[in-house]
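Here's the structure, in structure tokens; my notes come after.
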Amino acid sequence: SLEQHAPSQANVKSKGLDVLKIWTEEKPKRKPSAAFVVIGHVDHGKSTLMGRLLLDTGAVSQRDIDRYKKQATELGKASFALAWVMDTGSEERERGVTVDIAQFHFSTDHVDFTILDAPGHRDFIPNMIAGASMADLAVLVIDANHLESGIKGQTGEHIVLAKACGVSRIVVAVNKLDATNPPWSEAVLQDVVASITPLLTASGYKPENVRFVPCSGLNGQNVVKAMSKKGDASWVAEGYRTLLEELESCVAPHDTEEMVRAPLRMQIADVFRGSVTNPLSIAGRITSGHVQTGDTVLLQPSNERAMVRGIEVGGNGQEWAVAGQICTLHLTEVDQQHLRAGDCVCDAKNPTPAAKNFVVQLTALDSILPQAVDVHVGRLHAAGSITALISTIDDAGEVERKKPRVVKAGQKATARLVLDAGAALEAGTRLIIRANGSTIAVGEIIRAGG
Ligand code: GDP
């Protein structure tokens, strides 16, 4: 439990560990970890598939599922039993002040996985952006029987956003193949591959970073357990790996020495109220640097300090955490009002300054004019405006045309962005610009200030 991991107030002295040295020494024997975000159109089976992964890897017990099944059956929704794991199984959600991205952990012999689940239908996009900004890879779930609804619906936008958040590897789970006509139709799978591949390519996904997995989350076929080599679906066993095997094969190291050496930066994804011994906690992915118990960190843009009293990674207490890890920090000596989702936890001696004015480079997905916009940077959702279009640029970054009146879909441009409130955003930070509920541009910060 959390209390167990949180050291008492008295011994929260920094141990002065040489985290970089320990990290380097332990690296060869450390089991790799990976976090993935789950995306796809509503009802295509995301929650069911994740419930299945958790059940068949042993992270959730059959007893729990049976309990959900009973509840679900009473409500006349027996088929949702597996999906309920995602609704009710998260400890964070129960304690959360702002929890929008629930984490679920499961392990194989080779990899420790974290599922980043962005729930909710109406507010899915901001939550998805927040989840994707913490993810190493994405799992795109597509109902093979409703390809059209997915393509007309949110699938395309989800692909664009995942790439814009920096997720470069994607596993496409072609789901509900048990329910195609005839069941396990290879032709249906090929249709899905043919329709989705161009969307992935257009968003910048390289073919070697895309995998397709035919499966049925509901029945647990080709998710963790391989298909039988006999029968109508033998083509699956012969030609495809399971979803779990593809996930394992996608794992690449997400921490480099350069990242771990850099000053601490972690965006607050969620804030939790804790227990008496552990008043306030935050969760997020460390983008750079490292942190250890006893450290004093600076929160930006509020410019408030907090003391790190305990650290958890993958649900386990730790003395330190490094870049690339998703962790929970238990904090003291700070007021809850200074812990806001989207804010930045910084190295106290070398923080990111807060700013309102930025120069950004954008790729337009729709026409952009000087206009009011919603800016999404991971979990940060800020109001602002594009105040000037500086120039359109070509693929090599050379100026094509200065002061354009409008930037058209597909064009790249530099622009001035002004946020209504200050935010701690550095050059290189990825951002997504939306207006009236749709994404109009993706890009990154070139510099803070004029
Ligand atoms: P989500 O909205 O994407 O999370 O979708 P859910 O997981 O809630 O599933 C939506 C519906 O599809 C439920 O009725 C599920 O039982 C059903 N479903 C999910 N996966 C499968 C599958 O592999 N095969 C079939 N036949 N139905 C499925």
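Taking the options 118, 135, 130, 102, name whichever one is of a type in the set (Gly, Ala, Ser), more than 15 Å from the ligand (Cβ to nearest atom) and at pLDDT below 95. Steps first, please.
Values: 118 fails: more than 15 Å from the ligand (Cβ to nearest atom); 135 fails: at pLDDT below 95; 102 fails: more than 15 Å from the ligand (Cβ to nearest atom).
Within the list 118, 135, 130, 102, the selection yields 130.
Among the residues of the range 182-203, those identified as in contact (Cβ under 8 Å) with a residue 40 or more places away in the chain and not in a loop (DSSP other than H, G, I, E, B) are 186, 188, 189, 191, 192, 195, 196, 199, 200.
Condition check for residue 87 on (1) more than 30 Å from residue 332 (Cα to Cα); (2) in contact with a helix residue (DSSP H, G or I) (Cβ under 9 Å, 6 or more places away or on another chain); (3) within 13 Å of the ligand (Cβ to nearest atom): one failure, at (1). Residue under question is residue 417, and the condition is that it be crowded, with 17+ Cβ neighbours inside 10 Å, within 13 Å of residue 357 (Cβ to Cβ), touching a strand residue (DSSP E or B) at 6+ places or on another chain (Cβ under 9 Å) and not acidic (Asp, Glu); does it hold? When the stated conditions are applied, residue 417 passes them. Of the numbered criteria (1) in a strand (DSSP E or B); (2) within 24 Å of the chain's Cα centre (by Cα); (3) more than 11 Å from residue 339 (Cα to Cα), the one residue 309 fails is (2).
Just checking, which of 141, 60 is at pLDDT 80 or above, within 14 Å of the ligand (Cβ to nearest atom) and not in a helix (DSSP H, G or I)? Matching residue, one of 141, 60: 141. Of all the residues in the range 26-56, those that are assigned to a helix (DSSP H, G or I) and either under 30 Å from residue 320 (Cβ atoms) or within 12 Å of the ligand (Cβ to nearest atom) (or both) number 13. In the range 190-217, the residue that is nearest to residue 52 (Cα to Cα) out of those that are surrounded by 15 or more Cβ atoms within 10 Å (Cβ to Cβ) and of a type in the set (Ser, Thr, Tyr) is 216.
Here 359, 291, 334 are screened, and the one residue that is at pLDDT 95 or above and surrounded by fewer than 20 Cβ atoms within 10 Å (Cβ to Cβ) is 359. Just one of the listed residues (223, 213) is assigned to a strand (DSSP E or B) and within 26 Å of residue 65 (Cα to Cα), namely 213. Within the range 157-181, the residues that satisfy the criterion of being part of a helix (DSSP H, G or I) and either free of Cβ contacts under 8 Å to residues at least 24 places away in the same chain or more than 16 Å from the ligand (Cβ to nearest atom) (or both) are 160, 161, 163, 164.
Among the conditions (1) in contact with a Ser or Thr (Cβ under 8 Å, 6 or more places away or on another chain); (2) farther than 16 Å from residue 49 by Cβ; (3) surrounded by fewer than 24 Cβ atoms within 10 Å (Cβ to Cβ), the only one that residue 183 does not satisfy is (1).
The values are calculated or read from the model by the stated rules, or taken from the named source; none is laboratory data. Bear in mind that the values here come from a model prediction, so they are computed numbers and not experimental data. Cβ coordinates were reconstructed from backbone atoms using ideal geometry, including for glycine residues, and neighbour counts include every protein chain displayed.
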